[in-house]
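Heads up, the thing below is written out as structure tokens.
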Amino acid sequence: MTRVWKWNRPVTVREVLEDLQQERSIAYTTVMTVLDNLHQKGWVRREAEGRAYRYEAVSTRAAYAAALMNDAWSQSDNPAAALVAFFGMMSAEQRQALSDAVRIVQGPETPDTVTDTGDQNPGSAQDGGDR
């Protein structure tokens with residue numbers, strides 16, 4: 001998947017093979033089998049081009065990582081404990097990214113979501129009551 005995401009366009013087995021061979025020796029059939037497995041799992045789609053296929057990622061790397069995390073979390077018999085253990089493994093930068101993500105998901109604060117901690121109380125002069 002890393003190689004497919006790297007180009008961010010449809011790629012052939014040959015392109016992936018040549019890229020991987022810069023780092024290690026690998027067979028064409030191995031790359032073809034992996035891409036076919038990814039296609040069967042629904043992670044890439046493919047389109048015929050002559051006698052070959054062009055493979056393209058179905059989702060982003062972030063969506064893929066999120067799906068893996070969700071799958072692992074849902075397998076736990078104690079999801080809260082799994083999250084605590086996971087958070088304990090995070091670096092300070094990762095915890096900050098998590099905090100930022102929570103803020104994004106929660107959206108902007110509105111007057112309805114902000115708790116008023118002022119000195120006002122029922123019956124104050126502001127609402128005209130003398131209680």
For segment 58-131, please list each of the helices (runs of 4 or more DSSP H) lying entirely inside it that holds at least 2 residues being farther than 30 Å from residue 36 by Cα and modelled with pLDDT of 90 or more. 79-89, 92-106
Can you confirm whether segment 47-57 contains a residue that is assigned to a helix (DSSP H, G or I) and in contact (Cβ under 8 Å) with a residue 24 or more places away in the chain? no
Taking segment 1-17 and keeping only residues that are modelled with pLDDT of 95 or more and either surrounded by 13 or more Cβ atoms within 10 Å (Cβ to Cβ) or outside the structural domain of residue 34 (by TED's automatic domain parsing) (or both), one is left with 10, 11, 12, 13, 15, 16, 17
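The values are calculated or read from the model by the stated rules, or taken from the named source; none is laboratory data. Bear in mind that the values here come from a model prediction, so they are computed numbers and not experimental data. FYI the Cβ positions are ideal-geometry reconstructions off the backbone, even for glycines, and counts take in every protein chain you see.
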